[in-house]
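Okay, so here's the structure we're looking at.
Bear in mind these aren't lab numbers, they're just calculated from the coordinates by the rules spelled out. Since we're looking at a predicted model, the values are computed, not measured. Cβ placement follows ideal geometry from the backbone for every residue including glycine, while neighbour counts extend to all protein chains displayed.
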Amino acid sequence: MKPLIPVIALAASVAGAVATADEFRDEDVARWQAQFDEVAAEGRSLWTSADLGTNGVVCAQCHPNAANTHPETYPKFQKQLGKVVHLWQMINWCITNPLEGQALAADSPEMTAIQAYVYKERTGVPLAPGKH
Ligand code: HEC
């Protein structure tokens, strides 16, 4: 039983550290929300931008207001890619196929913005990974 006490003490100190790290104020939340809203707004402008492709086609033509993007169902099997993929991989499929553009890096600011916009449009929809 002897080793149990240090283990409990360690667990308590880790929990304490996490609780401290999680402290934030209302103005922090407001600032983070404003930053998210700004990134989602960038995604909204990319949605109607022909710059993502080479043929003048834009996302909004087939997905007005992010319709039929179903971000809550990812990761899931997509037959266009033949495997279980993330949302960004399907976004790149649409960039390289209907828009005939260059795929974006998964961690590019543009890909983050597009995903922020798509998820924002689906706020409140329950997660359903894998669903068709
Ligand atoms: C010419 C029409 C067209 C355009 C333009 C288009 N898409 Fe798509 N998109 C599709 C089709 C077709 C699918 C496949 C539908 C399926 O199999 O679920 C799809 C699927 C998707 C999906 C996954 C939908 C799901 O239900 O899982 C996302 C996300 C997506 N598109 C994002 C985009 C983005 C971002 C752009 C702009 C860069 C874009 N699309 C432009 C036709 C289009």
Counting Lys +1, Arg +1, Asp -1, Glu -1, what net charge surrounds A41 among other residues with beta carbon under 15 Å of its beta carbon?
-3
Less than 10 Å Cβ to Cβ from A113, Lys/Arg counted +1 and Asp/Glu -1: what total charge do the surrounding residues give?
-2
For the range 109-122, 3J(HN,Hα) per residue [Karplus equation, 6.51 cos²θ - 1.76 cosθ + 1.60, θ = phi - 60°, Hz, x = Gly/Pro]:
x, 5, 5, 4, 5, 4, 5, 4, 5, 4, 5, 4, 4, 9
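Give the calculated FRET efficiency between T54 and F24 to the nearest 0.05, with a Förster radius of 35 Å applied to their Cβ-Cβ distance. Mind showing how you got there, number by number?
Numbers: r = 44 Å, r/R0 = 1.24.
E(calc), rounded to 0.05, equals 0.20.
Count charges around P129 for me, please; just the other residues with Cβ under 14 Å from its Cβ, Lys/Arg as +1, Asp/Glu as -1. Please report the intermediate quantities before stating the final value.
Numbers: positive: K76, R122, K131; negative: E72.
Value of the local net charge: +2.
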Could you give each residue of the range 52-59 its phi-based ³J(HN,Hα) in whole Hz, using Karplus coefficients 6.51, -1.76, 1.60 with θ = phi - 60°, and x for Gly or Pro?
6, x, 10, 10, x, 7, 10, 3
Roughly how many nanometres apart are two label points built 7 Å out from the Cα toward the Cβ at R122 and C62?
1.6
